[in-house]
Amino acid sequence: MTSQLINAILLGGYYAVLATGLAFMYSVMNVINLAHGALIVLSAYGLWLLGGNLGLPLPVAMAIMVVVMFAVGMFLQRVVLSRASGGGELLPILATFGISIILDNLMFQVFGADSLSLAPLVGDLSWASFELPGFIFVGKTSVYILLAAIVVIAGLEWLLRRTALGHRIQAVSQDRATAALLGIDTQRTAAIATGIALATGVIAATAMGLRSAWGPYGGSAQLLFAFEAVVIGGLGSLWRVLAGAMVLAFAQSLAAMIHPQGFLIGGHLAFLAAVFIRLRGGSFDLKSLLGLTRKGATA
Amino acid sequence: MSTPSLTITRSGPTAHVTMTLLAIAAVAIAVIPFVLGVAGSGRAVALLVYILLALMWNALAGFAGLVSIGQTLFFGFAAYTTIRLSDAGLDPFLAILASIGIGAALGWVTSLFMLSLKDGEFAIGMWVLSSLAHLCVNLDPLIQGETGISLIQMNAYALETRSALILWLALAVTIAVIAAMLLLLRSRTGAAITAIRDDELGARSIGVDVLRTKRIVFVLAAAGTAAAGALWLASASNFQPRAFFGVQWTAYMLFMVLVGGLGRIEGAIIGAVLFFAIETWFGAYGAWYLVGLGAIAVLFALLLPKGLWGWIGPRLPGEAIPTGYIIEKSDI
């Protein structure tokens, strides 16, 4: 029981890494990036090429991919998102979904259907574990992933609240026109924010590749996990994403104990419960749920 | 001094021509079983299913401003209920009709909580629901996970009879859906829908009940998408959950509506016909074909967000499918 609890917490750490980039983009740019999962898978392939084919150490490969994905993010914002968000709320959703379809199938064509893993790149670490009292063994990579989640979230929070760039990003996210009036280069700021979101995706890709094998179409599953963590946690602070990721992991682990195929279903049900609770400001009220009161009409 | 007199009509010559063309197309599709046989009927059903999907996704995204990545929820679930009801002894054709009703009911229940989500959250939230339905269907011992099952009850009908009946049912459903959309758009609710399409905040400020209007469109879209799923099952006769809940269907819907023209019935129909042609010629290219579809959809979203009809429509005299009013002013 204790080991299941610990494993759920570590799984939650993984979901938090996955979800941080998505939440960052959603809270600052007001865009849900439907290509988030596909871009993480793309980063994982990049790491695999640099680490596996060119033989670079994983940290070096990660550093290179962070720069690459930052550039991809800036490109994505300048070429696609800035144009799409000029056409209303719908276009960014449609455009990013289209990009995810392109990436998924392109990666299938280039890398084939084989499942890959980054575990060979770290040698012993992939099976090394800490021993806790009571013969409980905890995989070292999972612990490092949880720590990485905390560091990434703390770093982004610090960036947003304490640095000049972070203040610019917040200004652009709150009111683009006013920010532009104050002399902020809104295009550049938005591009940097997207770049940062995609760069954190490299850490998520590392976590994904170390935890398990992935294939070209793995992006949509990662997107759903990340999205569920964000919705369960709620917006406001990135720390809420960590909480949401933990709830998601617990729900999945609990459901897996009840039924062998219940893992994913448990996560989806936790998402639905979160939607229900948020729907009426935290209180269950069947009457307003059925739309019988005016107060509940959409926000 | 002459007083201007106003004549208000709902359709003009363009509409008459379009309606005549649509009627001719309907008759042409109806006689396919006698001319092109079983294979031709199968392709015609595919075309009608694409038109249904495009119309319904367009109604959601174009009219109600609701982008859903998970309409496969209704598509896949209707196929599943058709299998289940047929297995329980219902005639497969009645099972299809019942599944449309179940789809509408599921849509109503879903709308109660999903419509409170905003843009992107609604989009992926629907995907989560579709994924949940997919997982639950996989748990059914009748379906046996991804193994799937055939609609063997259809074998009670001879092959020629069966394929002709499925085609005529698909044609009837498509005509009914187009008629329903026309009636809806020309009604009082239609004015509200058009207002929301053009400016949601503005519509709300002049007293349009946005939530109620969106719910009507959502339930209609659920029923139409369910019809498409049940018909696709009847035509393919094989139910494999992955083939029905797969995200490629959403990519198809997105392509058809974005290329044809968001927010126009004409656009959805053109997009579906175009997609049918592209699929016939390039469908065999597998993943590259999907890369191409995605790329074209993104290019249209960025460069021509109103689609082909956004370019053709304004160049025609009057609306092709009449949903608005034509006001002519003449001096006496």
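The values are calculated or read from the model by the stated rules, or taken from the named source; none is laboratory data. Keep in mind the model is a prediction, meaning the values are calculated, not measured. A quick note on method: Cβ atoms are made from the backbone with ideal geometry, for glycine too, and the neighbour counts reach across all protein chains shown. SASA here: full protein model, heavy atoms, side chains in, ligands and nucleic acids out. Shrake-Rupley method; radii C 1.70, N 1.55, O 1.52, S 1.80 Å.
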Among the residues of the range B:183-207, which ones are open to solvent by 30 Å² or more (accessible area, probe 1.4 Å) and either within 30 Å of B:Leu47 (Cβ to Cβ) or not in a helix (DSSP H, G or I) (or both)? B:Leu183, B:Leu184, B:Arg186, B:Ser187, B:Thr194, B:Arg197, B:Asp199, B:Ile206, B:Gly207
Going through A:Leu94, A:Leu106, A:Leu22, A:Leu49 one at a time, which residue ends up being within 30 Å of A:Asp124 (Cβ to Cβ) and not small (Gly, Ala, Ser)? A:Leu49
Being within 14 Å of another protein chain (Cβ to nearest Cβ) and free of Cβ contacts under 8 Å to residues at least 60 places away in the same chain is the filter; apply it to the range B:262-285 and report the residue that is farthest from the chain's Cα centre (by Cα). B:Tyr285
Scanning the range A:124-165 for residues that are part of a helix (DSSP H, G or I), within 28 Å of A:Arg240 (Cβ to Cβ), touching a residue at least 40 places away in the same chain (Cβ under 8 Å) and among the small types (Gly, Ala, Ser) gives A:Ser142, A:Ala148, A:Ala149
Among the residues of the range B:181-201, is any within 13 Å of chain A (Cβ to nearest Cβ), at pLDDT below 90 and at positive phi? no
Taking the range A:226-241 on its own, how many of its residues are more than 10 Å from chain B (Cβ to nearest Cβ) and open to solvent by less than 30 Å² (accessible area, probe 1.4 Å)? 5
Number of the condition not met by B:Phe77 [criteria: (1) in a helix (DSSP H, G or I); (2) at pLDDT below 95; (3) under 17 Å from the mean Cα position of the chain (by Cα)]: (2)
Of the residues A:Ala44, A:Ala35, which is more than 14 Å from A:Gly195 (Cα to Cα) and under 17 Å from the mean Cα position of the chain (by Cα)? A:Ala44
So which pairs qualify, if the first residue must be in the range B:228-241 and over 18 Å from B:Tyr252 (Cα atoms), the second must be among the β-branched types (Val, Ile, Thr) and open to solvent by 10 Å² or more (accessible area, probe 1.4 Å), the Cβ gap must be under 6 Å, and the two must be at least 6 apart or on different chains? B:Phe239/B:Ile149
Considering only the range B:145-165, I want to know if a residue exists there that is under 21 Å from the mean Cα position of the chain (by Cα) and either surrounded by fewer than 21 Cβ atoms within 10 Å (Cβ to Cβ) or not in a loop (DSSP other than H, G, I, E, B) (or both). yes
Report, by residue number, each residue of the range B:311-332 that is over 19 Å from the mean Cα position of the chain (by Cα), modelled with pLDDT of 75 or more and open to solvent by less than 40 Å² (accessible area, probe 1.4 Å). B:Gly313
Does A:Leu34 meet the test of being crowded, with 20+ Cβ neighbours inside 10 Å, within 11 Å of chain B (Cβ to nearest Cβ) and touching a residue at least 40 places away in the same chain (Cβ under 8 Å)? yes
Search the range B:294-324 for residues being among the small types (Gly, Ala, Ser) and more than 9 Å from every other protein chain (Cβ to nearest Cβ), and hand back the single one that is nearest to B:Ala272 (Cα to Cα). B:Gly307
In the range A:60-74, is there at least one residue being within 11 Å of chain B (Cβ to nearest Cβ), surrounded by fewer than 18 Cβ atoms within 10 Å (Cβ to Cβ), out of contact with any Cys (no Cβ under 6 Å at 6 or more places or on another chain) and free of Cβ contacts under 8 Å to residues at least 24 places away in the same chain? no
Looking at the range A:82-104, I want the residues that are more than 7 Å from chain B (Cβ to nearest Cβ) and have a partner that is surrounded by fewer than 22 Cβ atoms within 10 Å (Cβ to Cβ) and assigned to a loop (DSSP other than H, G, I, E, B) with Cβ atoms under 7 Å, at least 6 apart or on another chain. Which pairs are those? A:Asp104/A:Tyr217
Considering only residues that are modelled with pLDDT under 90 and surrounded by fewer than 15 Cβ atoms within 10 Å (Cβ to Cβ), which ones fall in the range A:149-177? A:Gln174, A:Asp175, A:Ala177
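Report whether or not B:Leu142 is surrounded by fewer than 21 Cβ atoms within 10 Å (Cβ to Cβ), assigned to a helix (DSSP H, G or I), in contact (Cβ under 8 Å) with a residue 40 or more places away in the chain and away from chain A (no Cβ under 14 Å). Quick ask: steps written out before the conclusion?
Working: surrounded by fewer than 21 Cβ atoms within 10 Å (Cβ to Cβ): yes; assigned to a helix (DSSP H, G or I): no; in contact (Cβ under 8 Å) with a residue 40 or more places away in the chain: yes; away from chain A (no Cβ under 14 Å): yes.
No.
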Got a number for residues in the range A:93-123 being in a loop (DSSP other than H, G, I, E, B) and more than 26 Å from A:Pro59 (Cα to Cα)? 1
Only residues that are open to solvent by 30 Å² or more (accessible area, probe 1.4 Å) and over 20 Å from B:Ser131 (Cα atoms): list them for the range B:215-237, please. B:Arg215, B:Ile216, B:Leu220, B:Ser235, B:Ala236, B:Ser237
Selected residue (criterion: farthest from the chain's Cα centre (by Cα)) from residues of the range B:106-135 that are more than 7 Å from chain A (Cβ to nearest Cβ) and open to solvent by 20 Å² or more (accessible area, probe 1.4 Å): B:Lys118
From the list B:Val291, B:Val257, pick out the single residue that is assigned to a helix (DSSP H, G or I), touching a Phe, Trp or Tyr at 6+ places or on another chain (Cβ under 8 Å), within 12 Å of another protein chain (Cβ to nearest Cβ) and not basic (Lys, Arg). B:Val257
